[in-house]
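The values are calculated or read from the model by the stated rules, or taken from the named source; none is laboratory data. A quick note: this is a predicted structure, and the numbers were derived from the prediction, not measured. Virtual Cβ from ideal backbone geometry, glycine too; neighbours counted across all protein chains shown.
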Amino acid sequence: MKTSILKTFTICLVSISLLGLVVTSCQKNSDTANDESVAADNATAEANFSDIARIVDVAAIENGLGKTTGTCPAVTIDTMSTPHSMTLDFGSSNCTGADGKLRRGKIIVTWTGKYRQSGTVITHTFVDFYQNDNKIEGTKTVTNNGLNNAGHIYFTVQVTNAKITKASGKIISWNSTRTREWIQGANTPAVADDIYNITGSASGTDANGNAYSMTITKALTIDFSCQYHLTSGTIEVTPTGKATRVIDYGNGNCDDDATLTVGKKTIAFKIKR
């Protein structure tokens with residue numbers, strides 16, 4: 001069934017956290033511009049890896065087993081080998097996806113067991129993969145840790161040695177460690193009722209060479225019924241030698257609104273998805 005395939009591959013929210021940030025108001029001074037640069041480049045890393053996971057999910061749904069729509073990617077699924085694998089091949093030249101984004105190269109996914117099964121490890125890697133002419137490198141690993149004290153399935157999600165080389169040649173580097181708790185919907189085959197809480201941290205260097213660290217200070221909530229929106233949660237982004245920036249995603253509303261606060265200054269922005 002498609003729903004069971006989707007549950008198996010619902011690695012698509014393994015790293016969704018920040019998505020893209022676009023400041024829609026407020027005058028910028030030099031420090032504020034730096035605030036946005038660091039936060040936005042961290043968000044770019046988050047967004048790219050979130051997109052990749054969503055692509056994998058769609059491929060899993062559409063290939064149950066063998067069905068494809070559109071011209072790319074070409075999907076090959078191998079369930080005979082251990083671990084099992086799925087290769088998404090977008091070709092050597094850009095192919096436009098249903099979301100309007102350009103992609104080329106390959107995404108390779110391996111998994112050792114079922115998504116719900118304790119001990120299952122799911123891994124994403126890339127071969128000359130580009131999204132909108134930004135080269136994506138690194139490894140994302142999702143490990144099912146079984147049940148926590150609340151009786152919820154929870155996962156460790158690690159992104160290591162991530163590097164995004166922009167079309168301009170500038171490079172964003174990024175590493176992330178998260179815990180994802182499946183707080184609702186784990187007992188149904190549907191996906192629309194799924195809700196996850198995300199905690200953890202990340203660090204990296206933005207495209208201008210500014211190093212930073214990021215910590216989730218209030219669990220981020222991802223609600224699938226809300227079109228994969230972040231509906232609540234707070235993170236702190238600290239560029240080296242700079243004051244901590246606080247990003248607040250709200251208190252549960254299904255919208256793209258968030259705020260960025262530095263000291264006494266707060267900037268409202270929309271999340272770009």
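Determine which single condition Y196 fails, assuming it passes every other condition in (1) touching a helix residue (DSSP H, G or I) at 6+ places or on another chain (Cβ under 7 Å); (2) under 26 Å from G138 (Cα atoms); (3) not in a strand (DSSP E or B).
Failing condition for Y196: (3).
Quick one: in the range 221-263, which of the residues that are among the aliphatic types (A, V, I, L, M) and closer than 30 Å to P189 by Cβ is modelled with the lowest pLDDT?
Filtering the range 221-263 for residues among the aliphatic types (A, V, I, L, M) gives 222, 230, 235, 237, 243, 246-247, 258, 260, 262.
Restricting the remaining residues to those that are closer than 30 Å to P189 by Cβ gives 222, 230.
Values: I222: 84, L230: 76.
It comes out as L230.
Here is a yes/no grid of residues against (1) more than 30 Å from G169 (Cα to Cα); (2) of a type in the set (D, E); (3) in a strand (DSSP E or B); (4) under 17 Å from the mean Cα position of the chain (by Cα):
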residue: S201; (1), (2), (3), (4): no, no, yes, yes
residue: G204; (1), (2), (3), (4): no, no, yes, yes
residue: A207; (1), (2), (3), (4): no, no, no, no
residue: Y212; (1), (2), (3), (4): no, no, yes, no
residue: I216; (1), (2), (3), (4): no, no, yes, yes
residue: T231; (1), (2), (3), (4): yes, no, yes, yes
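Name the single residue, out of those in the range 185-198 being surrounded by fewer than 17 Cβ atoms within 10 Å (Cβ to Cβ) and of a type outside the set (A, V, I, L, M), that is nearest to T234 (Cα to Cα).
D193
Within the range 257-270, how many residues turn out to be surrounded by 18 or more Cβ atoms within 10 Å (Cβ to Cβ) and either over 21 Å from S213 (Cβ atoms) or of a type in the set (F, W, Y) (or both)?
Adding up the residues that qualify gives 1.
For V58, work out the one condition from (1) surrounded by fewer than 16 Cβ atoms within 10 Å (Cβ to Cβ); (2) modelled with pLDDT under 90 it doesn't fulfil.
(1)
State all residues of the range 130-148 that are in contact (Cβ under 8 Å) with a residue 60 or more places away in the chain and either of a type in the set (F, W, Y) or in contact with a His (Cβ under 7 Å, 6 or more places away or on another chain) (or both); if no residue qualifies, say none.
K140
Filter the range 182-193 down to the residues that are over 22 Å from D255 (Cβ atoms), touching a residue at least 24 places away in the same chain (Cβ under 8 Å) and in a loop (DSSP other than H, G, I, E, B) and list them by number. If you could, list the steps in order and put the result at the bottom.
We begin by selecting, within the range 182-193, every residue over 22 Å from D255 (Cβ atoms); these are 182, 186-190.
Filter once more, keeping what is touching a residue at least 24 places away in the same chain (Cβ under 8 Å): 182, 186, 189-190.
Those that are over 22 Å from D255 (Cβ atoms), touching a residue at least 24 places away in the same chain (Cβ under 8 Å) and in a loop (DSSP other than H, G, I, E, B): A186, P189, A190.
For every residue, the table says whether it meets (1) aromatic (F, W, Y); (2) out of contact with any His (no Cβ under 9 Å at 6 or more places or on another chain); (3) modelled with pLDDT under 95.
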| residue | (1), (2), (3) |
| --- | --- |
| D128 | no, yes, no |
| Y154 | yes, yes, no |
| G169 | no, yes, yes |
| I172 | no, yes, yes |
| T179 | no, yes, no |
| A186 | no, no, yes |
| P189 | no, yes, yes |
| A192 | no, yes, yes |
| I198 | no, yes, yes |
